[in-house]
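Enquirer: Dropping the structure in here first, questions after.
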């Protein structure tokens, strides 16, 4: 019999312990070999906000930042962590550094603590029953998705799960991936990278070709010739699409006369529409606004594509909130195509 079984039976016998607290304690004991610490962790779980605060400090990088996110004072956060350490009779932070950083034990406990916070939310949803999701998550979104699939996805979530809250943060693909890996945000809509940091998973929402956009009236049909003869308006190299464009140009030996490097695809298309140059853009960015001022030419075979996906931490990829979000994004992507 596994070593944790007697502990689980002992926990279940507590008459004053709620079902949620029992669930958390049983899950924690099953996941770890550090029984000497986690027997004492029982008292911590009688107040789950200490555990959430611990995770938030690790995610934000400081007591002060955690206090701002949790709408607490810094002294309240500090008191919670001192109470947690007193319960465990162990130091979770190295206070010899400013700001304090996680100790070796704190780093060991962090992933387990994150898992438990996620499990509690899932447990509460299951206990509530029904299809009405209750919960909140923070979603990072690249600029091109903000104006395309995001509005439709949020509207769908509002109609189907009115008690589900989604907070939006904008950013570029690489930065958003780092925020997901660090636990600062829950998920991110990004241009899929060739490689992901450990512990992350990317769920593909849609694929689309990258096209060469030129001013209406240009008669050249060869994409490489267009790119080499007209001024080139580049999309930021730091973006996911920008990296794909740069790799494509280099691998095909296409030399461009770069005149601008911009962060906004819409701004790039506005420049192209005024005859200021040529660019490489995702197909979905070519809205009706540019139907009469911009023409497109595909790359010679093989074509160039980019995938847009939802990046999440692996342990959260099948939670109800993430599943609902991913479904809404996929529906919005299909709706956009008509």
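Bear in mind these aren't lab numbers, they're just calculated from the coordinates by the rules spelled out. These figures come from a predicted structure and were not determined experimentally. With ideal geometry, Cβ positions are generated from the backbone for all residues, glycine too; neighbour counts draw on all protein chains shown.
Enquirer: What number of residues within the stretch 170-213 satisfy the criterion of being more than 27 Å from residue 61 (Cα to Cα) and either surrounded by 19 or more Cβ atoms within 10 Å (Cβ to Cβ) or touching a helix residue (DSSP H, G or I) at 6+ places or on another chain (Cβ under 6 Å) (or both)?
Expert: Restricting attention to the stretch 170-213, the residues satisfying the condition of being more than 27 Å from residue 61 (Cα to Cα) are 194, 203-213.
Next, only the ones that are either surrounded by 19 or more Cβ atoms within 10 Å (Cβ to Cβ) or touching a helix residue (DSSP H, G or I) at 6+ places or on another chain (Cβ under 6 Å) (or both) stay: 203, 205-206, 208-213.
Number satisfying all stated conditions: 9.
Enquirer: Sort out which residues of the stretch 156-169 are surrounded by fewer than 20 Cβ atoms within 10 Å (Cβ to Cβ) and assigned to a loop (DSSP other than H, G, I, E, B), and write them in order of number.
Expert: Result: 162, 163.
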